[in-house]
Amino acid sequence: MRALVLLAGLLMASPALADGQPVKVTWLGHATFVVKAASGTTVVIDPFITGNPKTPAEHKDLKKLQPDAILLTHSHQDHTADAVPLAKASKAKVIGAHDHIVSLDIPDEQKAGGNVGGVIAVKDLKVHLVPAMHGSSPGGRPLGVIIEFADGRKLYHTGDTWIFGDMALIQEFYAPDIILMQAGGGPYNQQPDVARKALDRFFRPSAVVPMHYGTWPVLADEAAVKKAFGDHPKAKIMTPGQTLSL
Ligand SMILES: [Zn+2]
């Protein structure tokens, strides 16, 4: 009997064996990331690759990516330039704001539009759509995306945004473990020091990766991002092409 209880305990505990398995996050420059769950399920967020001056040459071949889904935070070219060719090469579903996704030149069965508050399944992952404060013309509205992994951990890609008060709700509802945070500054987005304020005020991640900087001279450079984030114990300043296990 005692052995049975022990066995039952082990069986009940077994799903937890997957807990804490690393998520592999590869930065391809700007806002483009490849996120691979421990299960192997892979998504590409905001594919701007072939024309991205910061994407290393060895990562330019779209056919090598083969994601299960492509996530688009908004319609601007620096987030979507390779969305259609990557969708055609991989047959992956494309997730984003409905009004944007319906306009894409891809087969209907690959279109997976939603809106703020929506949840879309990708194999063992759930993708939650949350607000962002930006533009998205033509098509749809700006979003952030939260990927929920099978073990409950969550990764938040902020999309392009300024700090906003509802980040408090994003923390309350999702408490993201990994944050890919827009810190690109320039004329269109929050400056690196404001991104740091958003991090300190609202979030408690185990890792935060600043992004969307250094692509062109109009944006904040790496020195400005290091100045803003360098003393944060969880900040990871990545190099395009680098992969982190988080
Ligand atoms: Zn952008």
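Long-range amide H contacts for LYS123: which residues qualify at under 5 Å (H placed 1.01 Å from N, peptide plane, sequence gap of 5 or more or a different chain)?
Sorted by chain and number, the residues that satisfy this come to none at all.
Mind telling me which of ASP105, ASP78, ASP160 comes out most flexible in a GNM of the chain, alpha-carbon contacts under 10 Å?
For the chain, modelled as a Gaussian network with Cα springs under 10 Å, the answer is ASP105.
Which order do the peptides 48-54, 22-28, 59-65 come out in when sorted by mean C-beta neighbours inside 10 angstrom, highest first? Don't skip to the answer; put the middle values down first.
Working: 48-54: 16.9, 22-28: 19.4, 59-65: 14.7.
Output ranking for 48-54, 22-28, 59-65: 22-28, 48-54, 59-65.
Quick one: putting +1 on the C-beta of Lys and Arg, -1 on the C-beta of Asp and Glu, what dipole do you get for the range 21-245 around its Cα centre, in Debye to the nearest 20? Can you show the working numbers first?
Numbers: 23 positive and 22 negative charges, 81 e Å.
It comes to approximately 400 debye.
May I ask you to compute the full-extension gain from TRP216 to PHE164, defined as 0.36 nm times their residue separation minus their alpha-carbon distance, rounded to one decimal in nm? Show your work: numbers first, answer last.
Values: separation 52, 0.36 × 52 = 18.72 nm, distance 2.54 nm.
Difference between extended and current length: 16.2 nm.
Once neighbouring chains are kept in place and the probe is 1.4 Å, which whole percent of the accessible area of the range 48-110 is contributed by carbon and sulfur? Spell out each step's value before the answer.
Working: 1450 of 2850 Å².
Roughly 51 percent of what the probe reaches on the range 48-110 is carbon or sulfur.
Could you give the length gained on full extension between ALA175 and ALA57, defined as 0.36 nm per residue of separation minus the Cα-Cα distance, in nm? Don't skip to the answer; put the middle values down first.
Values: separation 118, 0.36 × 118 = 42.48 nm, distance 3.52 nm.
Using 0.36 nm per residue and subtracting the Cα-Cα distance, I get 39.0 nm.
Return the sequence-ordered ³J(HN,Hα) values of the range 146-159 in whole Hz as given by the Karplus equation 6.51 cos²θ - 1.76 cosθ + 1.60 applied to θ = phi - 60°, using x for Gly and Pro.
10, 9, 9, 7, 4, 8, x, 5, 9, 10, 10, 9, 6, x
Whole number in Å², please: accessible area per residue of the chain, 1.4 Å probe, ligands, DNA and RNA not counted. Don't skip to the end; give the middle numbers.
Working: 11110 Å² over 246 residues.
Ligands and nucleic acids excluded, the figure is 45 Å² per residue.
In deg cm²/dmol and to the nearest 500, what is the mean residue ellipticity at 222 nm of the chain if only DSSP H runs of at least 4 residues count, each as -39500 (n - 2.57), divided by the residue total? Present the calculation step by step, with values, prior to reporting the outcome.
Working: 7 runs with 55 residues, N = 246.
Theoretical 222 nm ellipticity from helices: -6000 deg cm²/dmol.
Run the 1.4 Å probe and let me know the accessible area of SER103, rounded to the nearest 10 Å².
80
So how far, in whole Å, is the C-alpha centre of the range 177-223 from the one of the range 82-154?
Centre-to-centre (Cα) distance: 22 Å.
Charges on Cβ only, +1 for Lys and Arg, -1 for Asp and Glu, centred on the Cα centroid of the range 108-246; of ALA223, ALA132, LEU169, which one is farthest towards the dipole's positive end?
Positive-most Cα among the choices belongs to ALA223.
Computed over the Cα atoms, what is the radius of gyration of the range 55-108 divided by 2.2 N^0.38 Å, N being its residue count? Let's see the in-between values first.
Details: Rg = 11.0 Å, N = 54, 2.2 N^0.38 = 10.0 Å.
Cα Rg divided by the expected 2.2 N^0.38 Å: 1.10.
Please compute the Kirkwood hydrodynamic radius of the range 21-245 from all pairs of different C-alpha atoms, in Å with one decimal.
Radius from the Kirkwood sum: 17.0 Å.
Where Rh is the Kirkwood radius over the Cα pairs of the range 106-203, the temperature 10 °C and the viscosity 1.306 mPa s, what D in µm²/s does Stokes-Einstein return? It would help to have the intermediate numbers written out before the result.
Values: Rh = 14.2 Å.
D = 112 µm²/s.
In whole Hz, what ³J(HN,Hα) sequence does the range 203-212 give by Karplus (6.51, -1.76, 1.60; θ = phi - 60°), x for Gly and Pro?
With coefficients 6.51, -1.76 and 1.60, one gets 10, 9, x, 8, 7, 9, 10, x, 8, 6 Hz.
The values are calculated or read from the model by the stated rules, or taken from the named source; none is laboratory data. Note that this is a predicted model, so its numbers are computed, not measured. Positions of Cβ are generated from backbone atoms using ideal geometry, with glycine treated the same way; all protein chains shown enter the neighbour counts. Ligands, DNA and RNA are excluded from the accessible area calculation, which covers all protein heavy atoms including side chains. Shrake-Rupley method; radii C 1.70, N 1.55, O 1.52, S 1.80 Å.
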